[in-house]
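Chemist: My questions all concern the structure below.
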Amino acid sequence: MNRNALFLSAFLFVVIAISSSCFKLDSNLFNSKKIEVYQRDAYTGEQDFVLDNTYTIDDALIHEMTFTYNSPSTGASNTIYAVYLGDESRIQTDTVIVYCHGNRWNMDFYWQRAKLLANVGAKNRYGVLMMDYRGYGRSAGLPSEEGLYEDVDQCLQWLKSQGLSNDRFVMYGFSMGTAPATKLTAEPRSMIPSKLILEAPFASAETMVQDASKLAMPGSFFTNLKIDNAAEIKLVNQPFLWIHGIDDDYLNIKTHGEVVYKNYKGVRGTAVRVPGAGHSTVQTVMGFQAYSDTLLHFISR
């Protein structure tokens, strides 16, 4: 066998090996973990940070809920779990942050982040709604891209039924959660966010493939995901806050975050690049007070 034939054989072997895992990339994005009960403050597993007692949310202000609905994308009945931090009777007059968490595990892992958001500016200042997408935590079903959008929108339908107006609704997405946050701001379904916050957003599924594979091949060869925050953000006109760790080694700030921010053409964009912060350490590197002050300044303007 000549050199060209050997090279071709080796190349085809690599292509077949990579292509055989094309659905693995999709499944790895959805790094879910099923549980039988939410532990919240009693959770002792791995976390990005743990807040002190000054951030504790009173039990009377923690509302676990479920939403059961027929999924438009699958036709199947689906039940997802969510938690609301705040006084439900004040939703009509409160500002509410809808927090779309990342791809890791379930709401227990992000509980400290939700508490921090609820206490931005003052004790229990904001209402916070966080959900587990289908397949995460106690939520039923299998994770999917369209499932992200449908599950978050179900939570928005509930907030709307409680009297929340669009001008008091802030959408916040972290990592994988930037996909539903951006999509439902750019192409609203049940509600229209007044502001959008993205922490460590990825540009697109295509860019993730290119970063991971280092091969000049179309992303569709490796994944069925169509997520494209860099394109969706062009449709967002609302005020936009982008936060990204400069040392993020999971979603590179240059190939992901900077691209998203550059494509934003709305009324007011604010960029916060955090030196020394990685993918999950923005809050601890900035410091909880500085992080909270940044969000408060953006939301209250």
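Only the coordinates and a few stated rules stand behind these numbers; no lab work does. Values in this document were obtained by computation on a predicted structure and should not be read as measured data. Reconstructed Cβ throughout: ideal geometry from the backbone, glycine too, with neighbour counts over all protein chains shown.
Chemist: Among (1) 1.00; (2) 0.94; (3) 1.25, only one was calculated for this model; which label is it, if the read-out is Rg/Rh (Cα atoms, Kirkwood Rh)?
Modeler: Entry (1).
Chemist: Taking residue 195 as the anchor, which aspartates and glutamates have their alpha carbon closer than 12 Å to its alpha carbon, excluding any fewer than eight residues away along the same chain?
Modeler: Residue 195 reaches 167.
Chemist: Taking neighbour counts of Cβ atoms within 10 Å as a proxy for exposure, in what order, fewest first, do 132, 59, 151, 247 appear?
Modeler: 59, 247, 132, 151
Chemist: Report, ordered by chain and residue number, the aspartates and glutamates lying within cross-link reach of residue 265, taken as a straight Cα distance under 12 Å and ignoring same-chain residues fewer than 8 apart.
Modeler: In chain and number order, the partners are 232.
Chemist: Name the residue, out of 163, 177, 257, whose mean-square fluctuation peaks in a Gaussian network model built on the chain with Cα pairs under 10 Å.
Modeler: Comparing 163, 177, 257 in the GNM, the peak value goes to 163.
Chemist: Would you please give the FRET efficiency between residue 53 and residue 293, computed as 1/(1 + (r/R0)^6) with r the Cβ-Cβ distance and R0 = 22 Å, to the nearest 0.05?
Modeler: Using R0 = 22 Å, I get an efficiency of 0.60.
Chemist: So, one more: Given points 7 Å out from each Cα along the Cα-Cβ axis, report the residue 281 to residue 187 separation in nanometres with one decimal.
Modeler: 3.7
Chemist: Considering only Cα-Cα distances, which of the following residue pairs are longer than 30 Å: 160/262; 33/226; 33/262; 123/160?
Modeler: Too far apart for the 30 Å limit: 160/262; 33/262.
Chemist: Taking the Cα centre as origin and putting +1 on Lys and Arg beta-carbons and -1 on Asp and Glu beta-carbons, what dipole magnitude results for the chain, to the nearest 20 debye?
Modeler: Here the chain has a charge dipole of around 660 debye.
Chemist: Give me the extension gain from residue 271 to residue 76: residue separation times 0.36 nm, minus the current Cα-Cα distance, reported in nm with one decimal.
Modeler: Taking residue 271 through residue 76 to full extension adds about 66.2 nm, to one decimal.
Chemist: Using label points projected 7 Å from each Cα along Cα→Cβ, tell me how many nm separate residue 247 and residue 64, to one decimal.
Modeler: With each label point 7 Å from Cα toward Cβ, the separation is 3.7 nm.
Chemist: Sticking with this structure for a sec: Please arrange 279, 101 by counting, for each residue, the other beta carbons lying within 10 Å of its beta carbon, fewest first. Before the final figure, lay out each step's value.
Modeler: Working: 279 20, 101 25.
The order, fewest Cβ neighbours first, is 279, 101.
Chemist: Only counting other Cβ atoms within 10 Å, I'd like 202, 298 sorted with the fewest neighbours first. Walk me through the numbers before you get to the answer.
Modeler: On the way: 202 26, 298 19.
Arranged by neighbour count, lowest to highest, 202, 298 become 298, 202.
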